[in-house]
1. Of the candidates 86, 43, 184, which one comes out as most mobile in a Gaussian network treatment of the chain with C-alpha springs shorter than 10 Å?
2. Need one number: nm distance between label points at residue 124 and residue 41, each 7 Å from Cα along Cα→Cβ, rounded to one decimal.
3. Taking the chain as the reference, fit the longest principal axis to its C-alpha atoms, fit the long axis of helix 159-175 to the helix C-alpha atoms, and give the angle between the two in degrees, 0 to 90, nearest 10.
4. Can you figure out the FRET efficiency of residue 326 with residue 20, using R₀ = 51 Å and their beta-carbon distance, to the nearest 0.05?
5. Could you give the length gained by full extension between residue 151 and residue 98, i.e. 0.36 nm per residue of separation minus their alpha carbon distance, to one decimal place?
6. Pop a pseudo-label 7 angstrom from the Cα along the beta-carbon direction at both residue 72 and residue 50 and give the gap in nm to one decimal.
7. Counting every Cα pair in the chain, what percent are over 34 Å apart?
8. Sorted from fewest to most neighbouring beta carbons within 10 Å, what does the list 183, 245 look like?
Amino acid sequence: MHNSGQVKIIMKAEILKMLREADSYVSGQQICEKFGVSRTAVWKVIRQLQEEGYQVEAVRNRGYHIVTEPDVMTREELESRMQTRWAGQNIVYYPETDSTNLRIRQLGDEGAPHGTLAVADRQTAGRGRRGRAWESPAGSSIYMSILLRPDIAPDRAPMLTLVMALSVAEGIMDCEDVEVQIKWPNDIIINGKKLVGILTEMSAQIDYINHVTVGVGINVNQTGFPEDIRQTATSLKMETGHDVKRAPLIAAVMKRLEMYYEIFLETEDLSGLMDMYNRMLVNRDRDVLILGAKEQYQAHALGINRTGELIVRREDGTEEEVFAGEVSVRGVYGYV
């Protein structure tokens, strides 16, 4: 049995969906009958939606109608957008949290289901690769982390980062008219600048995965960046010239992830996704700088193999596979 707060959230998400999908007005009576609640209860939900910034018009004898939708981030808004079976079906929303990866790891330890998604409007302790701090203003970005419980060997988990990179890239292009690329292994690039960072963390025994957390940070509506990353970072708004709604974007990424994750599980590697990934790879057929712990060298990147390593050709013609955990790859003359 749901508690009444839970019922209210489900009802609010469903009412939102009804209003969004209706061609014209939805009568209060229709809503009352669908949920078995009073007119007053319906009116209260409509009032709440109006306070959150949805422009809902109420016309006597006709009912309710959504005029415009703002960039709202609430659990109900997110739930009303999801078109998946499991990815993002259990949503935990935070107006502000330390880091969605930390929240999901904790939820994972507490037994939360596969596909649980944490979304925050603002992060206070986000981390980038190699532990770099990640600045997070409210209202302008997507910070989300998903809990996965794959029945695969722990050494296969790093490939999930690439599965997510592909899902985010395609999800963005499902929503916006932009051309995005992937910088191996897991940055999403527009016009040579970084738009998205992805961080995967695993909790595992020697031969068994407890759970995997995949965190995603997308620059959505920022209009400027701090001095130190101004040359290399961008946002969807800066690239498209308009404000971008975050909730539909999150839903689009979840839809792609559900699809690609299942393709990944069929072979437990990237054979089914490799071609798609390589087509979007910004480093493909380009000279790159391989920055390893022991050496740095220049090589020609050819694409990824089925386990997600980058195949490069050294200057003497030998080919080798570069493993993401050990090196960084950069363009010879800049970030990509």
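Readers should treat all values here as calculations from the given coordinates under stated rules, not as data from a laboratory. Bear in mind the structure is a predicted one, so any value in this text is a computation, not a measurement. Backbone-built Cβ (ideal geometry, glycine too); neighbour counts: all protein chains shown.
1. The residue with the greatest mean-square fluctuation here is 43.
2. Calculated label separation equals 3.7 nm.
3. 50
4. With R0 = 51 Å, the Cβ-Cβ based efficiency is 0.65.
5. Details: separation 53, 0.36 × 53 = 19.08 nm, distance 2.89 nm.
Full extension from residue 151 to residue 98 adds 16.2 nm.
6. In this crude spin-label approximation the distance works out to 1.3 nm.
7. On the way: 16580 of 56280 pairs.
In whole percent, the long-distance tail amounts to 29.
8. 245, 183
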